[in-house]
Structure formats: structure tokens, C-alpha cells
Amino acid sequence: MAGKPARPTNAIDQTRRMLSLVTYLRERPGARVGDVARAFGITEDELISDLDVLPLCGTSFRGGDLLDIDTDGDRIWWHNPDDVAAPLRIAADEATALLVAARAVSTLPGLREGDRQALLRATAKVEAASGEAAGASSRLSVTFESEGGVFADVDRAISERRRLWIRYYSPSRDELTEREIDPIRLVSVGHTYVEAWCRRSEARRTFRLDRVAEIRILDEPSAPPEVELRDLSEGLVQPAAEDPEVVVEVGPGGRWVAEYYPHDSADELPDGGLRITLRTPDPTSLRRLALRLGRDGRIVSPPELADSARQAAREALAAYDGLDGDGDGDGVQDRPFDRQEQGL
């Protein structure tokens, strides 16, 4: 029976579960969906979601090497378990890449010690089987950017159910803020995000990991209110019907806005542009879009947002004129700056 999960699941826990699921299904052909869901402590919806992913896995991307697993909603059938059960042989370059990646992951800060030791044991086995490739891999190393450390800390906080303190950069406001958050889950939609309950705003928020300037795991337990996890299959940004409506008009050079921003409508204009109607919980975040568009677009409504965008453009122009009139700081104005280009 479908329902809410007992607790949030992070990416590492889901990977462990799916690996165990392959072994479980191999030993139980025709297993019932309800029985498997109970055995793994998940809902039937979560199990079906896992089963949608498994057919994309296998020993290669050739059709016969992928897991042929399906369900009729009642039972689960694995049609080619013997075809994909043969021992996998990897080439020297594949072994090198695998060993380098494994060693790099084992150094991630915040990785649970049990996971680190399991990874090191697996790495040692691969080294023993790789021969000369193991020697080549020892001369290579990978250093993760800061997002890797943030990911590890968030994953650990989710696993240990602990609160996080972060310094977070908000590009729409161009400011760093300090927040305490109760992490709910990690999600990857183009970038990697943590969905969390923000104690500052007392609401659910989504934070992009590469915008976290600093992070600490706190001793306080994480206790987010019970919230229904959003379906992100349609993307991370999913405006609600009650969000404020914003109308933007763009010229031919700004038509990309309709491709990158979820919108209610995009009507053709005579000049080849678009009149785009969209919704956002934070209309002020679109001022940066207006500045980016320049002569290729303008905010039409609401009027106060349009005025705010024009004021931001005037302030930018004032700073520009304060240099020398052409913005290059050489004291020579190359050409008059066309304020019409900024919709002023």
C-alpha cells in the first residue's frame, strides 16, 4: 500500500538498498511487491521508483547487459538474471579510474567510518585483481572541490539526524546569510541541493551545495516538521498557483527566458519576442534577470517590481558613469552609453 516513507532517505542509503534489492530479487523470482516493500521497510511507491531505475543498470549500456526487471503491480519479475551474473572483467583504464575514484571518496570529510572502512576493503580487493593497473592508479590523485566536503557533511547530518549551521550565498539578494537548518534529503536536479527546514524562515527551503560558503554539524538533533516530499520529476522550481504573478516582455534575444523559467504562458509579440507570464514566491529575485536582459527585455508587472528593476538599472548606470563613461577606467569615453538599451 502506498504511503509516506517512515523517514527521509539519503542518496547513499538508497544506493545500498538498491544493491541489496538486486540480490533479494535474484533469489525470489516472482516476489510480491508488498512483501518486498515490507522486507526493505519502504513504501510500495518507493519500491516501484527503485524498479524504474534498475533497468538502467547493468554491466554495460548494451541492451542485453542491462537488468531486465519489471512488475505488473503485484509481482516482480527478473527475466535475465543469468545473463548479467557472469563475473565482470574491466579493462586497465577502467580499473585505474575506479581505484582513483575509490581512494578519493575514502578521503571525504564527514564520511561515516564504517563506510570508509568498507570502501577501503573493496579497494584493496580491486587492487589485488588489477595487477599493473593498480600501480598506475597509485600515481594519480583527485582532490574534491569544497562541494564534496559540504555533501559529506550534509549526508552525515541526515544519517545522524543532526542540525546544520551554514553560511549561504543568495544570488538574488547578493548576500551571505547565516542559518540553522534541519536537513531532510539530498537531491540532484542539474546541481546538488539539500532540502531542509530553515529555522530562520520557519519554512522548507532548498539550498544549492556549491553556494554553501561554510558549514558545521551541530550537536542539536534535527527535528524538521513532518512534510510531504515534493515530486521533483518536473524540476526543482515548481511555482505554486498562489505565488505572485509576474509579466516579462522579451525581444528575440531574450526568448531563452521561456526555456529556463517555468511559466504559465508565453505569447508571441510582433517583433519576434515573447510576453511571458510566470509565478514566483520571491518576485524580487527577478530584478537580476531584468538587469541581465538589458535591452532584450523588461518587467511589465507588477508595477512596483518594474519600478524596482528600473531603479536597480539606474544605480548600475550611475556606478558605470562614475568610472569614465565607458566603464573601462581609462578616462576615455569610447561611445555614449545608450540608456534605452536598459529600458530606462
Flag if SER159 is among the hydroxyl-bearing types (Ser, Thr, Tyr), closer than 27 Å to LEU286 by Cα and either part of a helix (DSSP H, G or I) or open to solvent by 40 Å² or more (accessible area, probe 1.4 Å) (or both) | no
Residues located in region 81-100, provided they are surrounded by 14 or more Cβ atoms within 10 Å (Cβ to Cβ) and either closer than 20 Å to GLY131 by Cβ or modelled with pLDDT of 80 or more (or both) | ILE90, ALA92, ALA95, THR96, ALA97, LEU98, LEU99, VAL100
Of the residues PRO262, PRO281, PRO252, PRO224, which single one is at pLDDT 85 or above and under 24 Å from TYR169 (Cα atoms)?
-> PRO224
Among the residues of region 38-59, the number that are over 18 Å from TRP78 (Cβ atoms) and either open to solvent by 60 Å² or more (accessible area, probe 1.4 Å) or modelled with pLDDT under 85 (or both) is 3
Looking at ASP271, ASP267, which is the one that is outside any loop (DSSP other than H, G, I, E, B), more than 26 Å from ARG205 (Cα to Cα) and modelled with pLDDT of 80 or more?
-> ASP267
Hey, could you check region 101-125 for residues that are modelled with pLDDT under 70 and open to solvent by 50 Å² or more (accessible area, probe 1.4 Å) and say which is nearest to the chain's Cα centre (by Cα)?
-> PRO109
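The values are calculated or read from the model by the stated rules, or taken from the named source; none is laboratory data. Every value quoted in this text rests on a predicted model; they were computed, and no experiment measured them. Virtual Cβ from ideal backbone geometry, glycine too; neighbours counted across all protein chains shown. Just so you know, the surface numbers come from the protein's heavy atoms only, side chains and all, with ligands and any DNA or RNA stripped out. Shrake-Rupley method; radii C 1.70, N 1.55, O 1.52, S 1.80 Å.
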